[in-house]
Amino acid sequence: MVSLKCTKVTKSIFKKIKKPAEGSHKYQNGLVLVVAGSKQYHGSLVFAAVTASRIADLIFICTARENFTIVKKYSPTFIVHPYSAAKKMAEMADSILLGPGIEKSKAMKKLVIELVAKNRSKKIVLDATALRLIPASKLHSNCVVTPHAKEFRTLFKMPPTKENVVKAAKRCGCIVALKGAVDYISDGKKLYCNYTGNEGMTKGGTGDTLAGLIAGFASQSPLFESTLAAHYLNGYAGDLLKEERGTMFSAEDLMEELPKAFKKLVK
């Protein structure tokens, strides 16, 4: 039986996160594919992609055509394609982020399932709508899912408890990261608790920055350690903002705070 001892995530996790080597060049520090956004939603795509771009060398984006202009305004370095190019772009990526802002449709469900099934060697982050499209039985050891309580219940058909986080991870052979006042993260063998973060982070978009961090770190580092580091950093940045502004900050503020928070943690 798996022990439910919960190990606290600390800043020491960043010792296991790969940093760009001196003298390295483009293509050596991670390529991320972000499959996100829709005709109705573009903000979640922006938060996730911009955050990932702070870590990885290149960001490929597959999204609805309505988002092309918006995304390119945020960064001319983004390589933007329609959803139809996702399978081809996945071949070049080191990590793949699926879900923020995508439509809940039969076409998107088929695409998400195919990308997960045909890229078992790639590190895959499933967030937001992807959690409502992917059957739990389709997950594998290179997947991390990032549900909040309601999404966890829908995906795994059981209450969102730390015991069930371990159970779900073991049953599906994946990494489960349950978001909440305390984040519970397990690979089915170990259970970690992350205590950074605060009530100011209930606003829309903060989960998208988290997903972008995981995908960015995972493009060059192990998926489990990347998940732990991303949760710690995302919450720590929120805690710095709370010290300065109280709870009056947005996901955009959080996204801008992340590089400063990271610098403080790894100095």
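Per residue, the chain reaches -12500 deg cm²/dmol at 222 nm when only DSSP H runs of four or more residues are counted, each adding -39500 (n - 2.57).
Ranking Pro259, Phe156, Ile214 by how far each Cα lies toward the positive end of the dipole of segment 29-266 (charges on Cβ) leaves Phe156 at the top. A Cβ-based charge dipole, computed about the Cα centre of segment 215-267 with Lys and Arg at +1 and Asp and Glu at -1, lands at about 200 debye. Partners of Lys39 within straight-line reach, counting lysines whose Cα lies under 23 Å from its Cα and excluding those fewer than 8 residues away in the same chain: Lys72, Lys73, Lys87, Lys88, Lys104, Lys106, Lys109, Lys110, Lys203. Excluding same-chain residues fewer than 8 positions from Lys5, which lysines have a Cα within less than 22 Å of its Cα? Cross-link targets: Lys16, Lys162, Lys167, Lys170, Lys179, Lys189, Lys190. The chymotrypsin sites (Phe, Trp or Tyr not before Pro) of segment 166-225 that meet both conditions, a loop assignment by DSSP and at most 16 other Cβ atoms within 10 Å of the site Cβ, are Tyr195. Separation of segment 11-25 and segment 119-166, taken as the distance between their Cα centroids, equals 27 angstrom. Summing charges over neighbours of Ser38, with a neighbour being any other residue whose Cβ is under 10 Å away from its Cβ, gives 0 when K and R count +1 and D and E count -1.
Loop-located trypsin sites (Lys or Arg not before Pro) across segment 90-137 with a Cβ neighbour count of 15 or fewer within 10 Å are Lys104, Lys118, Arg120, with loop assigned by DSSP. Counting DSSP beta bridges in the chain, what percent are antiparallel, to the nearest 5? Rounded to the nearest five, the antiparallel share is 20 percent. Identify which of the listed values of Rg and Dmax of the Cα atoms in Å was calculated from the structure shown: (1) 22.9, 71; (2) 20.2, 69; (3) 16.9, 52. Here the calculated entry is (3).
Net charge of the neighbourhood of Ala169, taken over other residues with C-beta under 14 Å away and scored Lys/Arg +1, Asp/Glu -1, is +3.
Read-outs throughout are calculated quantities, based only on the coordinates presented, and are distinct from any laboratory measurement. Predicted, not measured: the structure shown is a model, and the values here were computed from it. Neighbour counts run over all protein chains shown; Cβ positions are idealised from the backbone, glycine included.
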